[in-house]
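As structure tokens, the structure follows; a few thoughts come after it.
The values are calculated or read from the model by the stated rules, or taken from the named source; none is laboratory data. Quantities reported herein were computed from a predicted structural model and do not represent experimental measurements. Note: ideal-geometry Cβ built from the backbone for every residue, glycine included; neighbour counts use all protein chains shown.
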Amino acid sequence: MEIPYAIQPRPDTGLYNAKVGIWLFLASEVMLFGGLFSAYVLLRVGADQWPHGWLNVTLGTANTIILALSAITTLLAWVACKVGQFGKFKFFHACTLLLALSFLCIKMYEYHDKLIHYEIQLTDGRIADGHMRENDPKKDYLVIEGRTVTDENDLYDLRAQKNIPDNEINIPRSEIKSMQNYGPWHNTFLAIYFTLTGLHALHIIGGSIVIGYLWGPGSKMYKTNPKQFTNRIEVSGLFWHFVDLVWIFLFPVLYLT
């Protein structure tokens, strides 16, 4: 049984079925991310303090360039299918997958950097802040690489501070009042940061799985029904461009403000 309008456009919409479906799906995605961006605005406006300079702008810029390149390679893969150059399609889709993997690797490094970064409240009122270097339960001290401050406000606006010390500090466990890493539970900024970028990363993973399937076993359809296969590449490309567009908004909102 042949499914109607899998290749030819529908008379009521002027689009084939899959393209109608992806646009409806992307409309729901706009509402999802739109709600989260609205939550970000409300949380920031209502916050007494908001961190600045907590994220690595260089890594964020690198990921922006990587996703921009992946948008180009996805488009070129679709064009290659349209003109019947299957070999070029395979090459450009492979490039897209490698760029997606690079993006995820950088994002995982950023997450790891936050999860080993600790704010430690000391009994004398000082605050030790830095990356955990040694936390052996058998020893009566732990070691971080960072600094100590007396005012918590010094930890919020890092952009306004120059030459921040990054020294190795031994902290006796007896002097620790409380400690917490920079996970999503640490404060409002990190909660919305992990939520937005985590959801975006899940979309990258999902899109990569689809692209990987079309590059691998799914590419067999090109030999039997090249037009429908090309339509599938176009639909997956539309989703990928949406993911790229979301990051274009996430990068300045989280990294540059």
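Out of Lys90, Lys107, which single residue is under 20 Å from Met221 (Cα atoms) and either among the aliphatic types (A, V, I, L, M) or touching a Ser or Thr at 6+ places or on another chain (Cβ under 9 Å) (or both)? Break it down into steps so the answer makes sense when it comes.
Numbers: Lys107 fails: under 20 Å from Met221 (Cα atoms).
Just a single option satisfies the conditions, and that option is Lys90.
Of all residues in the stretch 1-38, count the ones that are of a type in the set (A, V, I, L, M), closer than 30 Å to Pro184 by Cα and surrounded by 14 or more Cβ atoms within 10 Å (Cβ to Cβ).
Count: 2.
Out of the helices (runs of 4 or more DSSP H) lying entirely within the stretch 173-255, which hold 2 or more residues that are at pLDDT 95 or above, more than 17 Å from Asn63 (Cβ to Cβ) and not assigned by TED's automatic domain parsing to the domain that holds Asp136?
By residue number, 188-215, 226-255.
With the condition kept exactly as written, say whether any residue in the stretch 15-23 is out of contact with any Cys (no Cβ under 9 Å at 6 or more places or on another chain), farther than 30 Å from Lys114 by Cα and not in a helix (DSSP H, G or I).
yes
For the stretch 118-138, indicate whether the set of residues that are in a helix (DSSP H, G or I) and surrounded by fewer than 16 Cβ atoms within 10 Å (Cβ to Cβ) is non-empty.
To start, the set of residues in the stretch 118-138 that are in a helix (DSSP H, G or I) comprises none.
No, there is no match, as no residue in the stretch 118-138 is in a helix (DSSP H, G or I) and surrounded by fewer than 16 Cβ atoms within 10 Å (Cβ to Cβ).
Being among the charged types (D, E, K, R) and at pLDDT below 95 is the filter; apply it to the stretch 43-91 and report the residue that is surrounded by the fewest Cβ atoms within 10 Å (Cβ to Cβ). Write out each step before concluding.
First pass over the stretch 43-91, keeping only residues among the charged types (D, E, K, R): 44, 48, 82, 88, 90.
Still in the running and at pLDDT below 95: 44, 48, 82.
Details: Arg44: 14, Asp48: 5, Lys82: 14.
If we take residues in the stretch 43-91 being among the charged types (D, E, K, R) and at pLDDT below 95, then Asp48 is surrounded by the fewest Cβ atoms within 10 Å (Cβ to Cβ).
Go through the stretch 150-172 and report how many residues are part of a loop (DSSP other than H, G, I, E, B), under 24 Å from Leu254 (Cα atoms), out of contact with any Pro (no Cβ under 7 Å at 6 or more places or on another chain) and not charged (D, E, K, R).
Residues flagged as part of a loop (DSSP other than H, G, I, E, B), under 24 Å from Leu254 (Cα atoms), out of contact with any Pro (no Cβ under 7 Å at 6 or more places or on another chain) and not charged (D, E, K, R) within the stretch 150-172 amount to 5.
Residue by residue through the stretch 198-257, note down the ones that are within 16 Å of Phe25 (Cβ to Cβ), touching a Ser or Thr at 6+ places or on another chain (Cβ under 6 Å) and not aliphatic (A, V, I, L, M).
Selection gives Gly237, Trp240.
What is the number of the single condition among (1) part of a helix (DSSP H, G or I); (2) in contact with a helix residue (DSSP H, G or I) (Cβ under 9 Å, 6 or more places away or on another chain) that Pro9 does not meet?
(1) is the only condition that Pro9 fails.
Could you list all residues from the stretch 129-150 that are within 29 Å of the chain's Cα centre (by Cα) and among the aliphatic types (A, V, I, L, M)?
Within the stretch 129-150, Met132, Ile144 qualify.
Just name the residue that is modelled with the lowest pLDDT out of those in the stretch 159-172 that are of a type in the set (S, T, N, Q) and surrounded by 10 or more Cβ atoms within 10 Å (Cβ to Cβ).
We begin by selecting, within the stretch 159-172, every residue of a type in the set (S, T, N, Q); these are 161, 163, 167, 170.
Filter once more, so that each one left must be surrounded by 10 or more Cβ atoms within 10 Å (Cβ to Cβ): 161, 167, 170.
Numbers: Gln161: 85, Asn167: 91, Asn170: 94.
Among those residues, the one meeting the criterion is Gln161.
Among the residues of the stretch 62-108, how many are out of contact with any helix residue (DSSP H, G or I) (no Cβ under 7 Å at 6 or more places or on another chain), touching a residue at least 24 places away in the same chain (Cβ under 8 Å) and not aliphatic (A, V, I, L, M)?
Going through the stretch 62-108 one residue at a time, the tally reaches 1.
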